[in-house]
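Structure record follows, encoded as structure tokens.
Read the figures in this text as sums done on the coordinates, not as results from a lab. Predicted model only: the values in this text are computed from it and were never measured. Cβ coordinates were reconstructed from backbone atoms using ideal geometry, including for glycine residues, and neighbour counts include every protein chain displayed.
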Amino acid sequence: MIARFLRAGLMIAALAVAGCTGTNLENVAGGAKAEKQLPEKILTAIKAKGMTRTSPVMARIFKEEGKLEIWKQKSNGRYDMISSYDICKWSGKLGPKFTEGDRQAPEGFYTVRPAQMNPRSNYHLAFNIGYPNAYDRAHGRSGANLMVHGACSSSGCYSMTDEQIEQIYAFGRDAFRGGQSEFQIQAFPFRMTAANMARYRKDDNYEFWSMLKEGYDQFEITKVPPKVDVCEKRYVFNRVPEGDATFNATAPCPPSTQPEKLTTAYQTYQKSYDAAFASAIGGDILPPKPTIAGIKEAKIVSEWTRQRAKGVRVPIEPPSLNADGTVTVTGRMGRIDSPAGKRQAALDAAAAEKAKAADRKKLAALAKAEEKKAAAAAKAKPAEPVAEAAAPAEAPAVEADTAATTTGGKGLLGGVRKRFTNIFGS
């Protein structure tokens, strides 16, 4: 049904291959970890699915499900999933990235080229996903160095384990060496099913997600990465401009066409989706997960990030903007592991230790004074009658000590113990 569209996709892929040069591949190599080969199990699956080790790839990311999928092209031009990974860590909430420091992992359609591969990353291995793209720039969104990387640590990236990133990196490396000049990353908040869209139908990000869903759906139909352009500040998919017209991210969309078979298939797909969506609204659905409340919340988090990077003592978790406009801030305090933060932490620790030392000195002096008073009182006390001295000499001292403890610290030494307990704990 969509054979012509598949042929068009293969022609686009061929043009991309033609633009690839040896120089573009210099960033791909770099040491044993960047050259690690895919496991034999995966190579066997590649062969069984009608793929080759160096055939083109693409990736899909789903935040809520915590999955990163690798899809690979088969001999018929369609793609099939060859491997799926649990994302070790991603930061922020569901929703797009708005501004530098908002700790949001991006959502949208991105492109990775050989120059974006980093075999010498501080996070084991990495590749830049290409944020901001044309859509992001058209909306004035900012941020840099948004990666898929190892080390399982994230402040706006998609972080994998080192073993996972070695395999993901190898998929891209082999495809580049096979002639692919760039591969697509599709990053979604969740799988764009009718049930999930129904869950988030009242969310402020719903319009944005509905736009992403069109590209998601077209891939589901064709199993070919969609041709992605931006015009009128929105994504458009698999559109071919008429004549010499081109797409401009902020300009009106030019007259364009779409393969007829794809249009028909999409309309049929949409009818089934609409029915499922209506059914989902009337049924039991899971409650939605937290989502970012637009640029306002992004700016609040960005300021928290800026203060944290300076070493200022801030809550250990970023603030969250609530639906009623209030801001929730956790009571737990933390500090970034930056040079400035470490210096400030050292100063705070030294001041705290100095204060504790002063308290210990005061308590020691107090204890000494109490002991002197106790000794003086004992010396001034009249001697007990001989008849009462028949009990063991140690007994009165033990009983006196026990009394001081069990009655809440009565007596001179008990008072000292109570002061120690109040400051240092029991």
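Annotations for the structure displayed:
- Exposure proxy shown here: for PHE127, PHE190, the number of other Cβ atoms within 10 Å sets the order, fewest to most, as PHE190, PHE127.
- Distance (nanometres) between label positions extended 7 Å along Cα→Cβ at LYS356 and GLU40: 5.6 nm
- Rounded to 0.05, the FRET efficiency of the LYS67 and ALA115 pair, given R0 = 25 Å and the Cβ-Cβ distance, is 0.40.
- Hits among aspartates and glutamates - C-alpha to C-alpha of LYS368 under 15 Å, sequence gap 8 or more where chains match: ASP359
- Hits among lysines - C-alpha to C-alpha of LYS223 under 17 Å, sequence gap 8 or more where chains match: LYS49, LYS72, LYS74, LYS213, LYS261
- Here the calculated FRET efficiency for ILE281 and LYS49, from their Cβ-Cβ distance with R0 = 41 Å, stands at 0.65, rounded to the nearest 0.05.
- Between the residues ILE61, THR222, GLN186, the greatest Cα displacement towards the positive end of the dipole of region 3-282, with unit charges on the Cβ of Lys, Arg, Asp and Glu, is found for THR222.
- Rounded FRET efficiency, nearest 0.05, which uses the C-beta distance separating GLU207 from THR268 and R0 of 22 Å: 0.35
- In plain terms, the residue of TRP90, TRP71 with the fewest other Cβ atoms within 10 Å comes first and the most crowded comes last, giving TRP90, TRP71.
- The label-point distance for LYS261 and ASN145, in a model that sets each label 7 Å from Cα toward Cβ, rounds to 4.6 nm.
- Ordered by the count of other Cβ atoms within 10 Å of each Cβ, fewest first, THR54, THR264 give THR264, THR54.
- Segment MET81..ALA309, full-extension length gain: 78.1 nm, with 0.36 nm per residue of separation and the alpha-carbon distance subtracted.
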